[in-house]
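Asks: Please see the structure below; I have some questions.
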Amino acid sequence: MAKLNAQQIKAALAAVPAWTKHGAVISRTYEFEDFPAAIQFVDAVAKLAERAWHHPDIDIRWNKVRLALTTHDEGGLTAKDFELAAKFDQLTGQRTRK
């Protein structure tokens with residue numbers, strides 16, 4: 001999958017507005033009611049990521065989960081990153097506080 005240019009990245013970010021770009025990475029922090037809810041979310045993220053064969057960096061802090069995506073083998077952001085970000089957002093439903 002080809003690396004996106006700056007204009008394509010800007011357009012793709014509009015579809016996942018809670019995500020922010022930092023260099024060649026997009027990230028988002030999700031906040032949950034408690035630790036078990038956060039872990040339940042991470043488990044669902046892992047299943048989606050494995051099916052897509054595209055794995056985010058995950059940082060868990062009690063009720064907060066930060067996900068970061070980039071396509072390492074392309075050296076930057078691709079459509080795959082934004083597609084997976086949108087799928088992760090769909091997982092949250094009513095479980096998130098933010």
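The values are calculated or read from the model by the stated rules, or taken from the named source; none is laboratory data. Not measured: the values here are computed from a predicted model. Cβ sites come from the backbone with ideal geometry, for glycine too, and all protein chains shown count toward neighbours.
To keep it simple, each residue is scored yes or no on (1) modelled with pLDDT of 95 or more; (2) of a type outside the set (D, E, K, R); (3) part of a helix (DSSP H, G or I).
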{"site": "18", "(1), (2), (3)": "yes, yes, no"}
{"site": "21", "(1), (2), (3)": "yes, no, no"}
{"site": "30", "(1), (2), (3)": "yes, yes, no"}
{"site": "39", "(1), (2), (3)": "yes, yes, yes"}
{"site": "42", "(1), (2), (3)": "yes, yes, yes"}
{"site": "46", "(1), (2), (3)": "yes, yes, yes"}
{"site": "49", "(1), (2), (3)": "yes, yes, yes"}
{"site": "58", "(1), (2), (3)": "yes, yes, no"}
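Asks: I'd like to verify a number: residues in region 19-76 that are over 27 Å from residue 2 (Cβ atoms) and of a type in the set (Lys, Arg), how many?
Replies: Total satisfying the criteria: 2.
Asks: Same structure again: Of 15, 46, which residue is within 13 Å of the chain's Cα centre (by Cα) and farther than 17 Å from residue 68 by Cβ?
Replies: 15
Asks: Being within 11 Å of the chain's Cα centre (by Cα), under 17 Å from residue 16 (Cα atoms) and not basic (Lys, Arg) is the filter here; which residues of region 50-79 pass it?
Replies: Passing the criteria: 56, 65, 67, 68, 69, 70.
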